[in-house]
Amino acid sequence: MKKIIMEIQEGLIEGDAQFVKEKTEMALACGIKAKDIIEQGLLPIMKSIGQKFRAGEIFIPDVLMSSRAMHASLYVLRPILTNCRKASKGCIVIGTVAGDLHDIGKNMVSMMLEGAGYTVIDLGIDIPVSDFITAVEQHNPDVLAISALLTTTLSEIREVVEFLKERGLRSQVKVIIGGGPVTPEFAMDIEADAYAANSFCAIEAVEDLMKGRVGFFSVTEHFHD
């Protein structure tokens, strides 16, 4: 077991998606539980990569390669995880606002939340306010994650929060926002529950929200498409 887990970790570090996928399949065939693959194989390495990124030791291309390798593992594990309700730590709805076609940062947050054990409903990009509201009504998520990468689309985030209030839904869901032009000050101004400057911070912030704490994680780096 230890050897296969270590090989998965090595594949993540190298960003070798095919290798990680094959080793994940092998781990399952050997009887290793999906939960153990995630908690012992994926999460420690992705946390380490996040720390190195924040320290300036590695850069966005390296992070993307490792994230895609993690996604290859999650692709194998997803059918098992979706059949095991206990595997889900909570439900997250995520999307990029209307008028904005950027998705790299959003996709990384989605992948890493899935890797951390959450059920993620990814609405995609260019999502109008009404669709965010409908998703909250339909899925009753614990957290709504909203992304904007353009200064011109920041107002869309505000609109989503305002409509949640108008529909009486605001108290039912925690809201986390992020993206290049988003700032902690803007998040506080629109009364979001959390802000994260990048995907690694987003995971920490969501963990805090799930524990009933406000999660504001601010660093200087941002992901851009």
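Derivation of every value follows stated rules applied to the coordinates shown; laboratory data play no part. Quantities reported herein were computed from a predicted structural model and do not represent experimental measurements. No Cβ is skipped: glycine too gets one built from the backbone with ideal geometry, and neighbour counts run over all protein chains shown.
A few points about this structure:
- Listing Phe132, Phe186, Phe53 from fewest to most neighbouring C-beta atoms within 10 Å gives Phe186, Phe53, Phe132.
- Three principal axis extents describe the C-alpha atoms of the chain; from largest down they are 53, 38, 29 Å.
- Within a straight-line Cα-Cα reach of under 24 Å, Lys89 can be paired with the following lysines, leaving aside sequence neighbours fewer than 8 residues apart in one chain: Lys21, Lys33, Lys35, Lys47, Lys106, Lys174, Lys211.
- Listed from fewest to most Cβ neighbours within 10 Å, the set Cys201, Cys91, Cys30 follows the order Cys30, Cys91, Cys201.
- Formal net charge of residues neighbouring Gly15 (Cβ-Cβ distance under 12 Å; K, R +1; D, E -1): -3
- In segment 88-217, the convex hull through the Cα atoms has an average projected area of 6.3 nm², a quarter of its surface area.
- Comparing Ser110, Ser66, Ser155 in a Gaussian network model of the chain, where Cα atoms under 10 Å apart are tied by springs, the biggest mean-square fluctuation is seen for Ser155.
- Once the chain from Ile60 to Glu25 is taken as fully extended at 0.36 nm per residue, the excess over their C-alpha distance is 9.9 nm.
- Per principal axis, descending, Cα span of segment 12-90 in whole Å: 38, 28, 16
- Rounded tilt (10° steps) of 199-210 against the dominant C-alpha axis of the chain: 70 degrees
- Helical content of the chain, expressed as a calculated mean residue ellipticity at 222 nm, amounts to -16000 deg cm²/dmol (DSSP H runs of 4 or more residues, -39,500 (n - 2.57) each, divided by residue number, nearest 500).
- Dipole axis of the chain (+1 Lys, Arg; -1 Asp, Glu on Cβ), positive-most option in Ala27, Cys91, Asn198: Ala27
- Global form of segment 73-149, assessed from the alpha-carbon gyration tensor, a/c cut-off 1.5: oblate
- Counting neighbouring Cβ atoms within 10 Å and putting the fewest first, the residues Val63, Val76, Val20 line up as Val76, Val63, Val20.
- A Cβ-based charge dipole, computed about the Cα centre of the chain with Lys and Arg at +1 and Asp and Glu at -1, lands at about 940 debye.
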